[in-house]
Structures are given as structure tokens and as C-alpha cells.
1. May I ask you to derive the relative contact order of the stretch 3-173, considering only C-alpha pairs under 8 Å and at least 6 residues apart, and to give it as an integer percent?
2. Return the single residue from Ser121, Ser113, Ser90 with maximal mean-square fluctuation; model: Gaussian network over the chain, springs between Cα atoms under 10 Å.
3. Whole angstrom only: what separates the Cα centroid of the stretch 1-30 from the Cα centroid of the stretch 143-180?
4. Would you calculate, for the chain, the mean residue ellipticity at 222 nm contributed by helices, counting each DSSP H stretch of 4 or more residues as -39,500 (n - 2.57) and dividing by all residues, to the nearest 500?
5. How far apart, in nm, are the 7 Å Cα→Cβ label points at Ile177 and Thr35?
6. In a solvent-free Debye calculation with one equal scatterer on each Cα, what is log10 I(q)/I(0) for the chain at q = 0.11, 0.14, 0.19 Å⁻¹, listed in the order of the q values?
7. Tell me, what is the FRET efficiency for Lys116 and Met1 to the nearest 0.05, using R0 = 25 angstrom and their Cβ-Cβ distance as r?
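Please treat every number below as a calculation from the coordinates, not as lab data. Because the structure is a prediction, the values reported are computed rather than measured. Don't worry about glycine lacking a Cβ; one is built from the backbone with ideal geometry, like all the others, and counts go over all protein chains shown.
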Amino acid sequence: MVIVAGLDLRARSDKPTGIAFLEDNKLVFVSKTYTDEEIIMLINRYNPLVIAIDAPLSHAKGFREVDKKMIRQGYRVLPPGWKSMKKLVSRALRIKNLLDSKGIHVIETHPRSSLKSSGCSIEKLLARIGIDKERIRRLSRDEIDAVIAALTAYHYARGEYISVKDVDGEIILLPRICST
């Protein structure tokens, strides 16, 4: 039994953060949460092996080298140096440090890029874990991104992933799952 999580983190705790947990590639929980305490409480409840966070896990003045690599490969990411992104990075690093101290492995991902690397539509990708189109329509974008992040964590835990890496970070993406 492998439990993993995905976190579509927001810079501010008054905005919704999406959080999702998968157990053996099946969705067991997805919701929106707000505070760091709520996030940690849910993580403690499910005790995941790996958590994929949709946020840069290193600071930079503009784009990091790893971001530039992502852009060259056709992915659209934002620079951690933007004012609003600096707050997100700080929050992500604070949460990562808490999780590291609990022995939980944290990886950086970018759900929209991970979806693109999978070769799937959102519907096809989420159908693989039992989420039908009707349920997808009821999920917020934050929740969908959290589920994609959790799927990325699941594939990472299985050693089936794409790594975009440079001196200032590593971004984990889904492997090619769908052919068209």
C-alpha cells in the first residue's frame, strides 16, 4: 500500500490550496484547504510516502536555470523571482521543511506541465484513477491540479517519471501515459 499526496499550494492562506491523496493509484481524498495547520493535519492523517508540491522549492531573482530548461522544452512556468511567487516559494519551503522533519519526501512539480508530458487530456488522465467527467466538472482547478500532482508523486514513487534538473532545482513530471 503506497499513499502519496499532491498539493496545489497558494501563496496566501486566505486563498484555497488544493490537496489530494492517492492510495495505490486510487483517489482517496481531494479537497481545498487554507492554512498550513490544516495542510499538516491532513498530511498527518494520511501519512504519505511522497508529496508533490506545485510551487518552486528554491528562490531566484527571476527564472531559475531549471525553469529555463522547462521553457526550452515547451512548458510554461512562472519565475520564482516575481513578488507574488516569492511568497509562494517561502510558504512552500516552510511546509517542505516541516515535512522533511517528519521523514516525508517532498518533490517539486508543475501540474499543467505534468499533464502535457503525460500526453493525456485531463479527462483521460483522471479516468485512469476512477474519476469520471461528471466528478471532474465538480472539482475546482486547485483540486484538479492537486490530483495531477498526486499522480506525479505516485509515478515518482514507482520510479516512472521525467526529471527536469539543473543546479538550482528539479521539477518532476509524469511520463508519457497516453499515446494521443
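1. Contact order relative to length: 33 percent.
2. Most flexible of the set in this elastic network: Ser121.
3. 14
4. Counting only the DSSP helices, I get -12500 deg cm²/dmol.
5. Label at Ile177, label at Thr35, 3.3 nm between them.
6. Debye intensities relative to I(0), on a log10 scale: -0.41, -0.68, -1.32.
7. Efficiency, from the Cβ-Cβ distance: 0.25.
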